[in-house]
C-alpha cells in the first residue's frame, strides 16, 4: 500500500497503537460511534496510568473510551453474584443492568456514596473480578416504566447496536471529499409558527437535521409535519438528527423517519431519550385504543431508542467529517439543550436554541450563554412581543396561590391543565412548598395522566435539575416530588375521590385541553361557578385551551361514550403568566445581548408571525445585527 492509499482511519489507529505500551494488553482498537474504543485485558493498568489516554486524545483529537475485552467478562449470572457479595449491603443495590454492546454494568444503589472512592470502595477491584466496566448511579426513589423499556430495547438489540456503532464511526471519520466551505439551512418547519420545528443544516460534506416535530393542531395535513418533500431529502443522506428536547413539536415526527428507513444516529441528552420514549409510546398506545391511523408504530419507537446516542452537556462530539456538536442546558424542560454546531476548522458556528428559559426556576438553572464563538444564532420567539413580559417569579407563585385559595375558600375545585413534562413538575414544587409554609390552604392535590411517569424520570436524573432541588432529590428524605399532599389517580375508576363534594386541587394532562384526563374533570366541573380553570402554560392558537382563554363560554368535547357533547363554561377561567418554560421578551433580548463576540446574523423562528416580526425588528435595530425571519420552505446561505 502506498502512502497515498493510507486512510485517515489507519493513520489514527496507527498513532494510537504507537502510544500504548504492551502492558496495557490492548486487543482491539475500533470506532464506537463518535468515539474510539480501546479493548483491554488489563483495565487496572490503564486506570493507574491515566496519562496514556490523555496522550492519545491529544494526539488524535478524538474522544476515547476504554472497554474490557469480551474474553475476560464473566457471564452475567456469575458477575451478578460477585457484585452482590462485593458491594456493602448498606449501599442497598436496587438494580443491575448489563449492556453487552459496551461491556458496562450499571449498578443503581439507594446509597451510592458508600460506593465512592472517598468511602474506600474501589470499582477497579470489582472490574478485576467481573471483567465488566462498572458504572455507579443513584437509584431513583420512583421507578420509571420508560427507563425499563429503554433498557429492554438496548439489551435485546445489543448485537445490532455494536455493529451500528462501528459502522457509524467509519461514517463520521470518513475522509473529506472537499475542502470547500459552504453552509446553508433549509427551513422545514417552525418558522413564523409554533409547531413542527425542523431545520436541515447542509455543508459540502454533511446533512444534519435539527429537531423533527409535529404541529398537531394544524388545519391542513401538509402543515402538520416537516416539509421533507419540499427539500427532497433522502433519509440515507442524513449524517445525524439532533433533538433539542422531548416535546412533540420538536420530536414528534422522529419515529416516522425510522418507519421510512432511516437508520442513522440520533443525538440528544439522556433525559430527552427517556421523555421521548414516554411520549411516543403513549401516542402509539392511545392511537391504538381509539382506533386511529397511526403515524408510526411501537417497532419504530424501538428503532429510535436503538439508534440514539445520549451525550452529556458540554461534551464535544464529532457527528460528521466537518461538524462537531455540543449540547448545553436550555432550562426549558428536563434535559433540554441548546445545539451548538462547530463547522469546519473554525469556519462557522451555529447555535440553535430550541426552546429555552433565560432565568432560573425552582426546577432548572437558566440557559447557558457563554459560548466561545457563535456566528449564526437561530432563536425561538414564543414570547417575542413587547407586551410578553412575565412578573417576578415570587409574584407569579403568589398569584397562583391566591387564585387557588379563593377557589378553595368557596368549596370549589381548582383545575390546572398541565403538560406532563416540565410545567407539571414546576407546579408540584410550588404547591408543595407553599402548602408546607401554610400560605396555601391545605387541601388534597390529585394528579392524573403521565405526570407520575414523567416525574419518575425527573427523579432518575437529578444532575439535570437546579442545584438546590438536585440536593433535595438526592437526599431522599426531603424529596418534594414525594410530598404527602399528592395523590396519584392511577385509573379512571378512581376519580370519584377527586370529584366528590369539597375543595380540592386537580392537576391533569393535557395542558391545552386537547385530550387527556383533564377533559373528564373539565366536563364534570366546568359548569359550576364555584370551580376555577387555571392555565399555567402556553396555549397554542387553535387549541381548545386557547379558545376558552380567548372567551369561549361553550365548547364541544368527545365524551367517554364516543359522542360529541356541549359543555357550558360557568367556572372562572384564569391564566397565570410566568410559569412558562420559555423566555419572555426581556429574557430573549438579554440572552442575545450576552453573546460574545458579536453575532454575524440572527434567524428568528418558533413564534406566531407577529411575535417573530417584532423580535426580528428589535434585534436588528438594537444590536445592529442582520436579522432574518424566514417562512417555512426557505433556503438560507450562512457561509
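Structure notes:
For (1) under 20 Å from the mean Cα position of the chain (by Cα); (2) surrounded by 19 or more Cβ atoms within 10 Å (Cβ to Cβ); (3) not assigned by TED's automatic domain parsing to the domain that holds residue 610, each residue gets a yes or a no:
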| position | (1), (2), (3) |
| --- | --- |
| 187 | no, yes, no |
| 204 | no, no, no |
| 211 | yes, yes, no |
| 215 | yes, yes, no |
| 234 | no, no, no |
| 243 | yes, yes, no |
| 246 | yes, yes, no |
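- Scanning region 470-486 for residues that are farther than 27 Å from residue 575 by Cβ and assigned to a loop (DSSP other than H, G, I, E, B) gives 476, 477, 478, 479, 484.
- Checked against (1) at positive phi; (2) touching a strand residue (DSSP E or B) at 6+ places or on another chain (Cβ under 7 Å), residue 602 meets all criteria but (1).
- Enumeration of residues in region 195-209 that are touching a helix residue (DSSP H, G or I) at 6+ places or on another chain (Cβ under 7 Å) and part of a loop (DSSP other than H, G, I, E, B): 195, 196, 197
- The residue of region 487-521 that is surrounded by the most Cβ atoms within 10 Å (Cβ to Cβ), among those that are in contact with a helix residue (DSSP H, G or I) (Cβ under 9 Å, 6 or more places away or on another chain) and part of a helix (DSSP H, G or I), is 521.
- Boolean, residue 167 is out of contact with any strand residue (DSSP E or B) (no Cβ under 7 Å at 6 or more places or on another chain), in the same structural domain as residue 294 (by TED's automatic domain parsing), surrounded by fewer than 24 Cβ atoms within 10 Å (Cβ to Cβ) and under 19 Å from residue 317 (Cβ atoms): yes
- Pairs, first not assigned by TED's automatic domain parsing to the domain that holds residue 554 in region 520-539, second surrounded by 22 or more Cβ atoms within 10 Å (Cβ to Cβ), C-beta under 7 Å, six or more apart: none
- Residue 356 surrounded by 18 or more Cβ atoms within 10 Å (Cβ to Cβ), part of a loop (DSSP other than H, G, I, E, B) and at pLDDT 95 or above: yes
- The one condition from (1) closer than 25 Å to residue 513 by Cα; (2) modelled with pLDDT under 95; (3) surrounded by fewer than 24 Cβ atoms within 10 Å (Cβ to Cβ) that residue 192 does not meet is (2).
- Flag if residue 589 is over 25 Å from residue 419 (Cα atoms), modelled with pLDDT of 90 or more and either buried (at least 16 other Cβ atoms within 10 Å of the Cβ) or assigned by TED's automatic domain parsing to the domain that holds residue 418 (or both): yes
- Flag if residue 624 is at pLDDT 95 or above and within 25 Å of residue 356 (Cα to Cα): yes
Yes/no per residue for (1) modelled with pLDDT under 95; (2) over 24 Å from residue 511 (Cβ atoms):
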site: 445; (1), (2): no, no
site: 448; (1), (2): yes, no
site: 460; (1), (2): yes, no
site: 465; (1), (2): no, no
site: 472; (1), (2): yes, yes
site: 476; (1), (2): yes, yes
site: 480; (1), (2): yes, no
site: 483; (1), (2): yes, no
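For (1) closer than 15 Å to residue 358 by Cβ; (2) part of a helix (DSSP H, G or I), each residue gets a yes or a no:
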residue: 542; (1), (2): no, no
residue: 552; (1), (2): no, no
residue: 562; (1), (2): no, no
residue: 565; (1), (2): no, no
residue: 573; (1), (2): no, no
residue: 586; (1), (2): yes, yes
residue: 592; (1), (2): yes, yes
residue: 597; (1), (2): no, no
residue: 612; (1), (2): no, yes
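- Residues that are in a helix (DSSP H, G or I) and farther than 17 Å from residue 133 by Cα, drawn from region 108-120: 113, 114, 118, 119
- Count of region 139-153 residues which are surrounded by fewer than 20 Cβ atoms within 10 Å (Cβ to Cβ) and not in a loop (DSSP other than H, G, I, E, B): 6
- Identification of strands (runs of 3 or more DSSP E) wholly contained in region 372-467 with 3 or more residues that are crowded, with 23+ Cβ neighbours inside 10 Å and assigned by TED's automatic domain parsing to the domain that holds residue 536 yields 413-417, 445-448.
- Of the residues making up region 551-563, not a single one is buried (at least 21 other Cβ atoms within 10 Å of the Cβ) and either in contact (Cβ under 8 Å) with a residue 40 or more places away in the chain or touching a helix residue (DSSP H, G or I) at 6+ places or on another chain (Cβ under 7 Å) (or both).
The values are calculated or read from the model by the stated rules, or taken from the named source; none is laboratory data. All values derive from a computational prediction rather than experimental measurement. Cβ sites come from the backbone with ideal geometry, for glycine too, and all protein chains shown count toward neighbours.
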